Amino acid sequence: GQQLNQSPQSMFIQEGEDVSMNCTSSSIFNTWLWYKQDPGEGPVLLIALYKAGELTSNGRLTAQFGITRKDSFLNISASIPSDVGIYFCAGQRSTSNTGKLIFGQGTTLQVKP
Amino acid sequence: NAGVTQTPKFRILKIGQSMTLQCAQDMNHNYMYWYRQDPGMGLKLIYYSVGAGITDKGEVPNGYNVSRSTTEDFPLRLELAAPSQTSVYFCASSSPGLVSYEQYFGPGTRLTVT
């Protein structure tokens, strides 16, 4: 089945640094979502994007729906230790009424205090 | 609101055994989903349901079965457990409409088959 290409696969950064990650697809998506998964927990929705070019913030997190509709970006500013976890992008490829999502492989973020 | 709940949290099965993973949501969501997550991988859809009495296969349905007799519950059944089914299983739900793609996840069931 189709998967989204998410990069980088992992990041190890210093507290206070900014973080960027992205997700790309060969197909057009109508919706992009970004989730965070803490160790031992289920994914939690961070940001949802519904229109090409849309830029949405949630605290220190900012995500963008790419203008081509084939990619999305997530930025985290001034990282803190609690930002540690796995970040997943997810997309909705069609206008079907099932709500099904396609997920990227995840970006593992580690933050050094 | 408890959101999406899953039981058990952990389970060890022997090859060939059967079990049911329970999932319930109290948000009156019509849509429910089962995913598996293998180490270093994303989430793969096993089965999904768009309402009580309606289920359909996802990307990796082999070895699993589901039923949806109520809006709230969506159990996942493993009939003959195999080592390849060792994984973390997540249940999720969403509501139809503009935000139908915003899925909310349970805490997961960690299953080991030996």
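The values are calculated or read from the model by the stated rules, or taken from the named source; none is laboratory data. Note that this is a predicted model, so its numbers are computed, not measured. Every residue, glycine among them, receives a Cβ derived from its backbone with ideal geometry; neighbour counts consider all protein chains shown.
The table below lists the values:
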| read-out | value |
| --- | --- |
| From B:Gly51, B:Gly16, residue being small (Gly, Ala, Ser) and either more than 23 Å from B:Ala81 (Cα to Cα) or surrounded by 13 or more Cβ atoms within 10 Å (Cβ to Cβ) (or both) | B:Gly51 |
| Sole exception among (1) at pLDDT 95 or above; (2) outside any strand (DSSP E or B); (3) not hydrophobic (A, V, I, L, M, F, W, C) for A:Tyr35, by number | (2) |
| Number of the condition not met by A:Gly1 [criteria: (1) more than 9 Å from every other protein chain (Cβ to nearest Cβ); (2) closer than 18 Å to B:Gly42 by Cα; (3) modelled with pLDDT under 95] | (1) |
| Selected residue (criterion: farthest from A:Val44 (Cα to Cα)) from residues of region B:56-114 that are in a loop (DSSP other than H, G, I, E, B), of a type in the set (Asp, Glu) and more than 14 Å from chain A (Cβ to nearest Cβ) | B:Glu79 |
| Unique residue being over 11 Å from A:Gly104 (Cβ atoms), away from every other protein chain (no Cβ under 11 Å), among the hydroxyl-bearing types (Ser, Thr, Tyr) and over 13 Å from the mean Cα position of the chain (by Cα) when the list is A:Ser20, A:Ser27 | A:Ser27 |
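Quick grid of which residues meet (1) in contact (Cβ under 8 Å) with a residue 24 or more places away in the chain; (2) at the interface with chain B (Cβ under 9 Å from one of its Cβ atoms); (3) buried (at least 21 other Cβ atoms within 10 Å of the Cβ):
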| site | (1), (2), (3) |
| --- | --- |
| A:Asn5 | yes, no, no |
| A:Ser10 | yes, no, no |
| A:Asp38 | yes, no, no |
| A:Glu41 | no, yes, no |
| A:Val44 | no, yes, no |
| A:Ile67 | no, no, no |
| A:Gly85 | yes, no, no |
| A:Gln110 | yes, no, no |
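Per-residue answers, yes or no, for (1) surrounded by 17 or more Cβ atoms within 10 Å (Cβ to Cβ); (2) within 24 Å of A:Thr98 (Cα to Cα); (3) among the charged types (D, E, K, R); (4) under 15 Å from the mean Cα position of the chain (by Cα):
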{"position": "B:Gly3", "(1), (2), (3), (4)": "no, yes, no, yes"}
{"position": "B:Lys9", "(1), (2), (3), (4)": "no, no, yes, yes"}
{"position": "B:Asn28", "(1), (2), (3), (4)": "no, yes, no, no"}
{"position": "B:Tyr64", "(1), (2), (3), (4)": "yes, yes, no, yes"}
{"position": "B:Tyr89", "(1), (2), (3), (4)": "yes, yes, no, yes"}
{"position": "B:Ala92", "(1), (2), (3), (4)": "yes, yes, no, yes"}
{"position": "B:Phe105", "(1), (2), (3), (4)": "yes, yes, no, yes"}
{"position": "B:Leu111", "(1), (2), (3), (4)": "yes, no, no, yes"}
